[in-house]
Amino acid sequence: MDLKDNGSSQRPGDHWTGLMARYQEGDAAAFESIYGEASSLVERYLRRMAPANVVPDLVQETFLHVIRARHTYRPDSPFVPWLLAVARHTLLQSRRRFARRWSKEIGMDAYPERAAASSSDPLDSRRVEEALERLAPEQRELAWLAWVEGFTSPEISRITGLSAGAVKVRLHRMAKRLRAEEKE
Amino acid sequence: MTEGPPGGTAGTRKLPPTLQDALRNNRSPVRPVLSPDRRAALLGAFALIVTAVGIGFRGMRPDLQELGTWNWVETALRVGFGLTLLWMTMRSGEPGAGPPASWRRVGIISGSLLLLALVEWWIPLEGHAPFGPGSAGWRRGLLGCWPAETALAFPAALASGVLLARAYPLRPIFSGAAGALGASLLADAAMHLTCPARVWTHTALVHGGAVAFVTALGGVGGWLIGRRLRTLP
């Protein structure tokens, strides 16, 4: 099971940066394109850490924040980490409001859907999925961002608010632990 | 890494009604705000100018020479910590650019310890009766130093709040309080160089009280910013 931080700079939706810049200039259709294309990414991200039944509302709330905060996005920085940082904040706000209800609903059974295959080897992607399901929610978030979606440590740092060093250390420890568990 | 067309495999999705309404109310062009570092630089420069004006207006304390190096160390700590807080506040106004959680925790703990140390509680009360509790000097200090420090902190605290309101802080109360605390520490640095009192009760209650008051106002300002953000169309 390959769990390296691949450091790839190619990201699905790099053209969203240009679309967001156009929306800032007043092109509403550009935002509709961003929503149409990026909402599934936000949904996949939120499904990792929230009960399935609240995810659609969280996706909608995330894009509401994107509309209201559009002036804080700077076109010289990548769009996806900014978007997922907004999604994360939306998630944390909701979690704080509904902590008690969530603690009953969140569990391994709350995530019936699996992410799209992250590699051409179905056995490898199944192993990654199984590994993710064994992790605590915060660890699952980091692992999903790094090993499924392929974000770099600086990007994950921007999304989660952890320092880049802390991200690297946690990913390294997780990978080491998961490899050790696989050998047993 | 997930490959395939941008946005994954879900294809295009239509905007739900809530987002359609929000988009209708938010389609005017906007100018992106300056980067957090640039805003912090401008705010920091403004705060330092206000501090220098305050020192010039009040005049240096007469016992500056006998206070020695430690006095300048204390001043530098106040200025350094104040500017750092202003920088972290500006970063917190941009989603994804806020300081890491570990920095916030270290900042709160070290800031609290720093403020405790700067009270100079080890200086004995005896021999400093003019500013001791209940004395005429105490009342003069309360009516003089407290409003002076508050007035000195206010411009930079207000500027911090305005810049924050223009951005999109995800923790507005914390950000508002942090910016106000940063401005207060710079004002406190000016007061430290100009107020002759060396009684810890005066430092803690009058000057510390002014810092706490402005910080609390900043938190209230942050709460108002958060309320406004939640009710935006």
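Computed from the coordinates by the stated procedures, all read-outs in this text should not be read as laboratory data. What you are looking at is a predicted structure, and each value in this text was computed from that prediction instead of being measured. Here the Cβ is made from the backbone with ideal geometry for all residues, glycine too, and neighbour counts use every protein chain on show.
Structural remarks
- Exposure proxy order (Cβ contacts within 10 Å, fewest to most) of B:Ser112, B:Ser102: B:Ser112, B:Ser102
- Burial ordering of A:Asp76, A:Asp14, B:Asp188, fewest other beta-carbon atoms within 10 Å first: A:Asp76, A:Asp14, B:Asp188
- Residue of B:Pro16, B:Pro62, B:Pro169 that the Gaussian network model of chain B assigns the largest fluctuation, springs spanning Cα pairs under 10 Å: B:Pro16
- Screening chain B for whole DSSP H helices with an alpha carbon extent of at least 20 angstrom along the helix axis and a mean Kyte-Doolittle hydropathy of at least 0.0 yields B:36-58, B:69-91, B:101-118, B:136-166, B:172-194, B:208-230.
- Per-residue HN-Hα couplings for the range A:156-173 [Karplus 6.51, -1.76, 1.60; θ = phi - 60°; Hz; x = Gly/Pro]: 5, 4, 5, 6, 8, x, 7, 6, 4, x, 5, 4, 4, 4, 5, 5, 4, 5
- Full extension of the segment from B:Ala216 to B:Val106, taken as 0.36 nm per residue of separation minus the current Cα-Cα distance, would add 37.6 nm.
- Burial ordering of A:Lys168, A:Lys183, B:Lys14, fewest other beta-carbon atoms within 10 Å first: A:Lys183, B:Lys14, A:Lys168
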